1. Viscosity 1.567 mPa s, temperature 4 °C: Stokes-Einstein D of region 517-671 from its Kirkwood Cα radius, in µm² per second?
2. Cα convex hull of region 400-448: mean projected area in nm², to one decimal?
3. Return the long-range amide H neighbours of Ile431 (sequence gap of 5 or more, or a different chain), with a cut-off of under 5 Å between placed amide H atoms.
4. Roughly how far apart, in whole Å, are the Cα centres of region 319-342 and region 464-499?
5. Sort the following peptides by mean Cβ neighbour count (other Cβ atoms within 10 Å, averaged over residues), highest first: 248-254, 498-504, 190-196.
6. What whole-number distance in Å separates the alpha-carbon centres of region 213-268 and region 407-456?
7. At a 10 angstrom cut-off on C-beta neighbours, averaged per residue, how do the peptides 331-339, 4-12, 525-533 rank from highest to lowest?
8. On a 32 Å Cα-Cα criterion, which of the cross-link pairs Lys401/Lys460; Lys460/Lys543; Lys270/Lys480; Lys515/Lys646 come out too long?
Amino acid sequence: MPLDRITEAIAHFVGLFQIASEQARMRDDYMEFVARRAQEAADHSDQPLQIKFDSPYDLDNPQPGIHYVPAPNSVEPFVAYSEPLYAAPEIPIDVQAQPIIYPGYVPPTLFHHATSSFKILDPQPPGSVVSIVSQANNLSDEDFVNVGGSKAIFDQIGSPQTALQELVDSANQAMPVQGGVMPGSSEGIGQFITASADSIHDFLAGLESGQDADGIQTSSTATDNGDGTSTETHVATVTPTEGAIYVNGAVVDEAPKFDDHLPAASPLVKDDPEETAPAPGNDTWETGSTATGQIVHGQGSIAVTASVEISTGLNALINSATLVNDTLEGHVFAVAGDHFSLNLIVQINAWSDSDSVGASMSGWNCPPSNTTAFNIASMEHTPINAGTQEPAGGGVSTFPKAWAVTEITGDFVSMNWLQQLNFVIDHDMVISSSSAGVTSMIGTGANQTINSMSIFDLGKYYDLILVGGNYYSANIINQKNIMLDDDIVGGVGGFHTSGPGSASTSDNLLWNEAKITNIGTPHNSEMPNGFHGALNDFAAGNKILSADVLNDAAFAGFAGLHVLYISGSIYDLQYIQQTNILGDADQVAAAMHGVNSTADANWSITTGSNVLVNQAHIIDVGPGGTVYYGGGQYSDELLVQTDIIKVDNGIDVKPTDQLVNEAVAFLSDDMLTPDQNHDTDSGFKSDPGVHPAHTDIMQSVVT
């Protein structure tokens, strides 16, 4: 039924009201839901807060209002690093006036005319140089080896340590200059040099020697040590001739080569280049012919020859050093005080190589004891090209008319003190036996210790060096090789062999090689009056060189003088001390195998073939022209070469095999000789004393 307008309006209003009421209720529930969800999703207070930063401004180039102006560049005079092309003007010299400076002097010092507003760039003076180097290798390698299954005790025969100490003491007593204590001050360096010179004179005075045609003084003495041993000492001293080579107290035309005298068994021997294999497809070698043949398949077992190779020596001790001293180089030295110059080389080889081989090795190849020792030395002087300028067209020589001065207040020290030591103890004891089909190789030596050092001191050159004090200069090389190689090789318990055998107990090499090279051939002369006056003026603070100095013949052709003034003294010491000490008194006992002995085994025993090397070279650059001295003058060069040989080891009072038997004690007597009750078929004893294996192979793991 259709409603009238009023009823329809009321019904429509009521419906709209209901809808609005329902929407309100739904909105209330939704807001509560949103609030609860926002609370659950809220960040905790301990969580980092993400902050967004946005700056609408760009940092351009801020001008805080502080005006900075850098300091202006300092004005530096021009330095010419090459000789000007134009000639220097001739300017008369007024002796009473200040020195005239002209353009054209050797760089980097710049000279100008006296009226110039530029100043001279004073070069930095050279600094003192002191190098102290100590290199030492200490090794103790005393091994005890028992090969062959025997439980034996091997007591050492004799006292190798005491014998080695006696050799060291003998070598130290034969050293004319006792080193090892480094000077602790500049004055101490001068005292060391003068004391070394005094020690040389005392040493020469104590020798009873004769002189041969080459000026070499030789002395030989034999000393009975009172314990059954004796020591032979051979000393050769000489003032070396320029460029001469001295080997074991004799002049030779050519120095021996190291590689030619190395022991054949030494590990230092260089291997020959391997033979080159033919290229693929080429059946011929470079020097051979075509090889033909066929393959033969054999049957049966292969017999293996039993062999025993024992090596207890083959040690190598090496010291190598090179010193180049060019710290202070000058053409003319003017020394107000004394001038000391000393070149000294001392070389000592001391050894004991008295070996004992048992009679059970009488059929072996046993070379006699042979230790080769070399002392090789030389001294030479090489002149310096002074660089003087010859007058053009053969005219009159020109002399310098200007100078630049560098000053050192106090002493100038140039010292290189180098000590090298190799100390190796390798007293090994070996008990070995052989059995059929077994190859034994025993090596307990072959130690190598090496010291190597090179020092290069490079300084500055001066035309004139004025020294207000003394001038001490010394180059000293001390070299010592000391070796004890008293070996004992013997057999125990009826040891015998029918196969080839060899025992090399010697073949050692002791090598000392030294050389001193002086760059510059100065002429020593008493100081002229002009240099006396220059030293007095410089000491008073007046850096003046008179015409007598400038017109000295040593400065002919010089354009100008680069002068160094040292108010104190010069201490120049180059010292090398090299020492090798080796104790290699090995003792080897050969025995028959107690289980499966054989007499046809190949035996090779090497207990020597040691190499001890000292190599040193000093290159000293000194005065190139003249040395003027105002006080005393001492100059000496000396070479000392010494061999000290201990003749006997003092233990051969009994046969060697008997000594070895007394030193080796086996726990059971059957180890001395082969057991005759063993199974000849199997080669083993009937009861080897070995427990049978357990049936459970995991019995040692599973409990």
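Quick note: the coordinates plus some simple rules give every number you see, no bench work behind them. In this text, all values refer to a predicted model and were calculated from it rather than measured experimentally. Virtual Cβ from ideal backbone geometry, glycine too; neighbours counted across all protein chains shown.
1. Working: Rh = 24.2 Å.
Estimated diffusion coefficient is 54 µm²/s.
2. Details: hull surface 38.9 nm².
That works out to 9.7 nm².
3. Val145, Asn146, Val147, Ala589
4. Between the Cα centres of region 319-342 and region 464-499 lies a distance of 29 Å.
5. Details: 248-254: 13.6, 498-504: 17.3, 190-196: 19.3.
The peptides rank, most packed first, as 190-196, 498-504, 248-254.
6. First find each Cα centre; the distance between them is then 22 Å.
7. Working: 331-339: 23.7, 4-12: 9.7, 525-533: 15.2.
Sorting 331-339, 4-12, 525-533 by mean packing, highest first, produces 331-339, 525-533, 4-12.
8. Working: Lys401/Lys460 22 Å; Lys460/Lys543 20 Å; Lys270/Lys480 25 Å; Lys515/Lys646 28 Å.
Pairs exceeding the cut-off: none.
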